[in-house]
Amino acid sequence: MLDLHSYDLSHINKENFEQYALDVFEYQYLHNSLYRDFCTFLKCSPSSVQEFKEIPFLPISFFKTHKVCDNSATSFYFESSGTTGQVRSKHFVRNLKLYEQSFLTQFEKQYGPIENLCIISILPSYHEQKSSSLLYMINTLITHSKYHFSGFYKDDYSRVIDIIEKSERPVILFGVAYALMDMSEAFPTALKNTTIIETGGMKGKRKEIIREELHQLLRKRFALDFIDSEYGMTELLSQAYMNDGKTFQPPSWMRVLTRSIDDPFEFVSGKTGGINIIDLANLHSCAFIATQDLGKLHADLSFEVLGRFDASDVRGCNQLIS
């Protein structure tokens, strides 16, 4: 049985992941009435589930139409990006400390201690959206860096270039795809001691292109070996990072499965399928989500994101660039 008071993401590893997943499933079945109704419809319960692959995955669209959370009272939520008139996802969050533990731990695992870094971002379209989980994450990283150059620079690209030149610390630059393209066209220059983390698509500001093409252009214009990428979305409290130009590495408390394109209850590995995610940071919402992304799972648990199902929304952080 899950002990909420001692629940700590850092305790979850490859060896005990399955037991944690089963315990979280039981907790959410008992305390999340929406998820329980979904499981009941599929004739599934904790007593009938023996391994985590048998746990039902809630379609991600439920976050647009329902309040997906346990029975605890909470009014705080993150909201997805979207165009005017588009229905947005809402992720009700009971425990922000759990979210912070998730993104701080994974970020430092990938990039080292935050207090040694300069954290800057160019996310123009997000600043009108105060309920963005990405904005919350980056603001927290900036605060933890305690560096005078760290901050949000919207679309002040000349200032960003100037800061990169002057920074005495390695620079982490978060940027949405269209802003990075704008900056690369206006200031094509070698960026010293800088890691770019691309966080999402064109948001209707530019013609959509595939991620590989985007990264190739950015590498050339900024004289970088790699462009990193963050895979995350409003419905998840965890992120995976891509550092090699190809595959995303999830944290130990997050697992990706790929479902067959023809049968949502069959899992495939090593070939393209729909991405299902177990995110054990989603303790008080739903940890088992069937996304509309297409991807490929590798034996080392890393994964590729290859696109989206036809007719699904183009939204979220680092969905298909095309």
Counting helices only, and only those DSSP H runs with n ≥ 4, report the 222 nm mean residue ellipticity of the chain as the sum of -39,500 (n - 2.57) divided by its residues, in deg cm²/dmol to the nearest 500. -8500 deg cm²/dmol
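Placing unit charges on C-beta atoms (Lys and Arg positive, Asp and Glu negative, everything else neutral), compute the dipole magnitude of region 97-236 about its Cα centre in debye, rounded to 20.
Numbers: 17 positive and 19 negative charges, 26 e Å.
So the magnitude is around 120 debye.
Taking only C-alpha pairs under 8 Å that are 6+ residues apart, what is the relative contact order of the chain in percent?
18 percent
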Compute a Gaussian network model of the chain, connecting alpha carbons closer than 10 Å, and tell me which residue from Y153, Y178, Y231 fluctuates the most. Y153
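Could you give the size of the charge dipole of the chain about its Cα centre, using +1 on the Cβ of each K and R and -1 on the Cβ of each D and E, expressed in debye and rounded to the nearest 20?
Details: 33 positive and 40 negative charges, 149 e Å.
Magnitude of the dipole: close to 720 debye.
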Once a ≥ b ≥ c are taken as the square roots of the eigenvalues of the Cα gyration tensor of region 98-138, is the result rounded (a/c under 1.5), prolate (a/b larger than b/c) or oblate (a/b not larger than b/c)? oblate
Quick one: of the DSSP bridges fully inside the chain, what percent are antiparallel, nearest 5? 65 percent
Listed residue (Y7, I172, H298) projecting farthest to the positive dipole end of the chain, Cβ model: I172
Value of relative contact order over region 97-236, rounded to a whole percent, pairs C-alpha under 8 Å and six or more apart: 23 percent
Fluctuation leader among D262, D23, D228 - the chain, Gaussian network, Cα springs under 10 angstrom: D262
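Laboratory data are not the source of any read-out in this text; all were calculated from the coordinates shown. As the structure is a computational prediction, the values presented were derived from the model and not from experiment. Backbone-built Cβ (ideal geometry, glycine too); neighbour counts: all protein chains shown.
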